[in-house]
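The values are calculated or read from the model by the stated rules, or taken from the named source; none is laboratory data. The structure presented is a predicted model; accordingly, all values stated were derived computationally and were not measured. Here the Cβ is made from the backbone with ideal geometry for all residues, glycine too, and neighbour counts use every protein chain on show.
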Amino acid sequence: DKKGLWSGRFTEATDAFVAQFTASEHYDRRLYREDIRGSRAHARMLADVGVLTQADAEQIIEGLNAIEQEIEAGQFPWDPALEDVHMNIEARLTERIGEAGKRLHTGRSRNDQIATDIRLWLRAATDETVALLRHFQKGLVDLAEQEADTIMPGFTHLQVAQPVSFGHHMLAWYEMLVRDEGRFIDARQRMNQMPLGSAALAGTTFPIDRQQTCAELGFDHPTRNSLDAVSDRDFAIEFTSAAALTMTHLSRMAEELVLWASPMFGFIELPDRFCTGSSIMPQKKNPDVAELVRGKSARVQGALHTLLTLMKGQPLAYNRDNQEDKEPLFDAADALRDSLRAFADMIPAMSVNRDHTRNAAKAGFATATDLADYLVRRGVAFRDAHAIVGQAVALGVTQQCDLADLSLETLQRFSDAIEQDVFEVLTLEGSVAARNHFGGTAPAQVRSQVAAARDRLAND
Ligand code: ARG
């Protein structure tokens, strides 16, 4: 009877449906590497403190190594009747090496085992996320440099507001990703503490050496409270929260990409290899990758809500509810990784249609604020200047032309402070170049931010 791992006190076999209902092996098998790694460290430590013989520990470690290969080769006999990844591996170990296998679980529980496994897994996922974020950041910085002098309309309310450098817009995306990276690095610190040794909830009567397993598994230090260590999944919530926020950023980028790729905007051309066609409309080239990233942000936000709700009603210490943490966590990590990978490849490879972006800025009276500022420099109060320029814009709207296309005489009808040099501030390039302070959109500022970003990416 395979339920032999815990069924000593039971007088009837588990209901078949309940066995299926409680099983998690089909998804937590994904933790096999971390589970085996933790078991190896535990066995070695038990032998070093004299709870196991060195011979037993060696057999266990060799057996675990063989099982790892078996799993990797796709030859492991996964059995849902054994519930989860932990009991599948432990049962297989005993099947392979006999007695010694039965001693592995000394001073340990699946509760501290799973809490350790997820942390190990999530730590690697966090490191991978940070690496992907940085790769993406590099791509954006390169594109920002390439398009530092490209004029595009900056928007508020999706209405043309003021001209900006396309490179400045790419660096806005970069800044979002820098903060995202910081959140993952911050979450990692609290995640990287070792629950092993907490056993079921209260610790163990064996003279375990938690510093040893901690060092072997690369944790910063052992958790300080066994009840807390086996029960809280706040570290998974923090990761998913950072993931949800990152996906929110990617979703905003996705929305812009979809708009920009539309012929109505025509700002960018996405590489064919990142687009798909239509089964009926032969002319279509659709930005599906961007749309899917926008869509996947929904499931990551859903995962965050699932985990928060999962946790909120749980009394100390471990409850089986926690088994439900894995699917949303895995799903969120997968969606995040794939979305980052897609955007990091696609966005730096898009081409910018500089004429279109410039014309769009020109068509929208984007330099109206510059004209108002010009009047202010000539002694007009800003509120009056605002009203004067508003009247000039109204004329431009009826005559269907930009402010720069109105003649000097026409402009002077609105204010006698206007002179020939007004046309210098009415150009798009002049407008952008004039915002030449730290954080502004002037190409010179974009270039200096590019240099600072490269420095940061090379150094830390
Ligand atoms: N599979 C469980 C989880 O994911 C760990 C097993 C703990 N089981 C138990 N009966 N205490 O959290």
- Given (1) away from the ligand (no atom under 16 Å from the Cβ); (2) farther than 20 Å from ALA124 by Cβ; (3) without any contact (Cβ under 8 Å) to a residue 60 or more places away in the chain; (4) within 18 Å of the chain's Cα centre (by Cα), THR276 misses just (4)
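Every residue, every condition in (1) in contact with a Leu (Cβ under 9 Å, 6 or more places away or on another chain); (2) in the same structural domain as GLN69 (by TED's automatic domain parsing), yes or no:
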position	(1), (2)
SER7	no, no
THR22	no, yes
GLU25	yes, yes
ASP28	no, yes
ARG33	yes, yes
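Looking at segment 69-91 only, could you name the residues that are within 16 Å of the ligand (Cβ to nearest atom) and assigned to a helix (DSSP H, G or I)?
As a first pass, look at segment 69-91 and keep what is within 16 Å of the ligand (Cβ to nearest atom): 78-91.
PRO80, ALA81, LEU82, VAL85, HIS86, MET87, ASN88, ILE89, GLU90, ALA91, listed by residue number.
I need the full set of residues from segment 66-91 which are more than 33 Å from the chain's Cα centre (by Cα) and more than 21 Å from ASP112 (Cα to Cα), in order please.
First, the residues of segment 66-91 that are more than 33 Å from the chain's Cα centre (by Cα): 66, 75, 77, 79, 81-82, 90-91.
ALA66, GLN75, PRO77, ASP79, ALA81, listed by residue number.
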- Would you check which residues across segment 262-294 are assigned to a helix (DSSP H, G or I) and either surrounded by fewer than 17 Cβ atoms within 10 Å (Cβ to Cβ) or outside the structural domain of THR248 (by TED's automatic domain parsing) (or both) and list them? ASP272, ARG273, ASP288, GLU291, LEU292
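Checking the condition under 24 Å from the mean Cα position of the chain (by Cα) and more than 20 Å from GLU128 (Cα to Cα), which residue from ARG252, ARG337, ARG320 passes? Write out each step before concluding.
On the way: ARG337 fails: more than 20 Å from GLU128 (Cα to Cα); ARG320 fails: under 24 Å from the mean Cα position of the chain (by Cα).
The match here is ARG252.
Which residues, counting only those in segment 304-317, are in a loop (DSSP other than H, G, I, E, B) and in contact (Cβ under 8 Å) with a residue 60 or more places away in the chain? If you could, list the steps in order and put the result at the bottom.
If we filter segment 304-317 for residues that are in a loop (DSSP other than H, G, I, E, B), which is where we start, we get 313-317.
Scanning segment 304-317 gives GLN314, LEU316, ALA317.
Would you point out which residue out of SER198, SER297 is surrounded by 15 or more Cβ atoms within 10 Å (Cβ to Cβ), among the polar types (S, T, N, Q) and part of a helix (DSSP H, G or I)? Before the answer, list the steps.
Numbers: SER198 fails: part of a helix (DSSP H, G or I).
From the options SER198, SER297, the qualifying one is SER297.
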- Among residues belonging to segment 19-68 that are of a type in the set (Ser, Thr, Tyr) and in a helix (DSSP H, G or I), point out the one that is surrounded by the most Cβ atoms within 10 Å (Cβ to Cβ). SER39
- Query: What residue, among those in segment 106-144 that are crowded, with 19+ Cβ neighbours inside 10 Å and charged (D, E, K, R), is farthest from the ligand (Cβ to nearest atom)?
  - Reply: ARG123
- Query: Within segment 34-78, how many residues turn out to be in contact with a helix residue (DSSP H, G or I) (Cβ under 7 Å, 6 or more places away or on another chain) and charged (D, E, K, R)?
  - Reply: 8
- In segment 50-96, what residues are β-branched (Val, Ile, Thr), free of Cβ contacts under 8 Å to residues at least 60 places away in the same chain and within 23 Å of GLY107 (Cα to Cα)? THR53, ILE60, ILE61, ILE67, ILE89, THR94
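Enumerate the helices (runs of 4 or more DSSP H) found wholly within segment 318-383, keeping only those where 3 or more residues are within 16 Å of the ligand (Cβ to nearest atom).
Working: elements: 326-346, 354-362, 368-377.
The helices (runs of 4 or more DSSP H) meeting that bar are 326-346.
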- Task: Name every residue in segment 92-105 that is within 38 Å of the chain's Cα centre (by Cα) and part of a loop (DSSP other than H, G, I, E, B), in order of residue number.
- Result: LEU104, HIS105
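Any chance segment 40-63 includes a residue that's within 16 Å of the ligand (Cβ to nearest atom) and either within 26 Å of PRO328 (Cβ to Cβ) or at pLDDT 90 or above (or both)? Walk me through it before giving the result.
Looking only at segment 40-63, we keep the residues that are within 16 Å of the ligand (Cβ to nearest atom), and these are 42.
Those left that are additionally either within 26 Å of PRO328 (Cβ to Cβ) or at pLDDT 90 or above (or both): 42.
There is at least one residue in segment 40-63 that is within 16 Å of the ligand (Cβ to nearest atom) and either within 26 Å of PRO328 (Cβ to Cβ) or at pLDDT 90 or above (or both).
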